[in-house]
Each structure stands twice: as C-alpha cells, then as structure tokens.
Amino acid sequence: MKLIRTENYTEMSLEAGKIIVDKIRTNPSLTLGLATGSSPKGVYDYLIQDHEENETTYKQVKSVNLDEYIGLSTEDPNSYHYFMNQTLFKHLDINDNQTHIPNGAASDLEQECLRYEQLIKELGGIDLQLLGIGQNGHIGFNEPGTPFTSTTHIVTLAQNTREANSRFFNSLEEVPTHAITMGIASILKSKEILLLVSGERKAEALYKFVNGEISEEFPASALKYHSNVTVIADRDALKYI
Ligand code: F6R
C-alpha cells in the first residue's frame, strides 16, 4: 500500500485528479469506478477543470459507480444518479450510455444486483476504483460484518451511516434505510484502487485502517489483500499517524 500525505482537501483532490487524468490519457477507454459523497467532490472539480482547460476527453471512458440508495428515483436530488450527473457527468463529454450506477428503483432488486455484477464483468472489470471511507470503515455501502466474498448486493444501512449522510437530506427520517452496493469482492477485483481520506472525522478510521487487523468488522481492511492501493490523505485525517 502506498500512502500519499497531503496538506489539505484541495491538495488531496489535486493529487488524485492528476493520477486519474494521467490514466485516461494513457488509456482513453478506461473503466473508472466512481464514488459519491464529500471525498471525491474535489477530484471531480479537478477533472472538470482539466477537461475544460486541457481538453482531456471522456468520449471512450466508461464508468461504474459503487452504490445507490434504494427507493429514490434517478431524478431525486438525493439519489447518487443525480449527484453524479450534477457534479461530474454533465460537465464532461462522457457518453450517458457509458456511465453506470445501480438502479435503486428497479422492480426486481435481486436481479438488478446480478445485472450490475455481470455488467462490470462485460466491461472487462474496473481499471481504477476511487473510494472514500466511512467512519465505521465502510467502503461502498459495505457495512461492518459484510463478508469479504460479497458481490453486488442489497444492504441495510448502519444507523451511523444514515446519520452521517443525513447532512444531505432535510431530516434523518428521509435518509433511505437500504442501498445497493458493489460488494467487497467486486471492489477487490479492480486493477487499481485510490482511497481518499480527508478531515479529522476520518482520523480514527484511517488509524484503524493503517494499524488495525484485517477483519470483516472493519470492511476497508479488505483492501490490504489488494496489491495496488494508493491512499491519499490530508493532514487532519493523518492526525494519529
Ligand atoms: C459513496 C460511498 C461511501 C462513501 C463514504 C464516505 O459512494 O460509497 O462509501 O465513500 O461514506 O463518504 P464521504 O466522502 O461523504 O465522507
């Protein structure tokens, strides 16, 4: 595992953004694994700015997102579909039909999980997966206790995850209770992984990730089984390291 230490969120985003742009320029038909939330937002801003200034093209790039809430339509402002369109896709020249996010409004959710896992396979796997980490060590929406062998599946969100994400909703009650997420095994199949960790509220999780044992009780620890993981963290997140 490689650790890149940065001063702050902006520098973390810049480091990650540069790595991604470099990969796209080397392999213009890359399959990118994407995340939502606060951690990757600055990276997406960097990619947009680079696209505008340096004309990096996404015409052949494919993307697969980690997860989506169950029960929100794709137009719901709190859905991850909406987040990805607003914060990234609509600003790039990426083809709509080459961006993929689990459908949390599917009528048959079990079938949707199988479809999504098959889709990743058909795309030839994920070349570069971007990840954030939850305070409880979750990656994607794989909460503590998720088997490392899991593929795309339906999850019940942990109470502290719903609380953490309630900042995007009007109230905690509005935060969905379930989600579809790529599994730990799906994530580990990615050829390369970039984990972004920013802010003091993630310091304890980062400490556990670096120094703790590998355990299904701390999902991110599975990344230690992967041979190409880069952690990009800022000073506040590195408080105990
Ligand atoms: C989002 C995702 C989650 C987040 C994690 C951290 O697609 O899969 O695992 O990466 O909850 O969220 P932020 O970045 O908002 O602190």
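The values are calculated or read from the model by the stated rules, or taken from the named source; none is laboratory data. From a predicted model like this one, the values you see are computed outputs, not experimental measurements. All Cβ positions, even for glycine, are placed from backbone atoms using ideal geometry, and neighbour counts span all protein chains on display.
Values for this structure:
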item	result
Any hit, the range 216-224, residues being closer than 29 Å to S73 by Cα and more than 13 Å from the ligand (Cβ to nearest atom)	no
Wholly within the range 1-96, strands (runs of 3 or more DSSP E) carrying at least 1 residues that are of a type outside the set (D, E) and surrounded by fewer than 16 Cβ atoms within 10 Å (Cβ to Cβ)	2-6
Residue list for the range 121-138, filter: away from the ligand (no atom under 14 Å from the Cβ) and crowded, with 21+ Cβ neighbours inside 10 Å	L128
Matching helices (runs of 4 or more DSSP H) fully within the range 139-241 where at least 3 residues are more than 16 Å from the chain's Cα centre (by Cα), surrounded by fewer than 17 Cβ atoms within 10 Å (Cβ to Cβ) and at pLDDT 95 or above	203-211
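Yes or no, residue by residue, for (1) in contact (Cβ under 8 Å) with a residue 24 or more places away in the chain; (2) aliphatic (A, V, I, L, M); (3) closer than 28 Å to G71 by Cα:
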site: H153; (1), (2), (3): yes, no, yes
site: Q159; (1), (2), (3): no, no, yes
site: A164; (1), (2), (3): yes, yes, yes
site: I180; (1), (2), (3): yes, yes, yes
site: I193; (1), (2), (3): yes, yes, no
site: G199; (1), (2), (3): yes, no, no
site: A203; (1), (2), (3): yes, yes, no
site: L206; (1), (2), (3): yes, yes, no
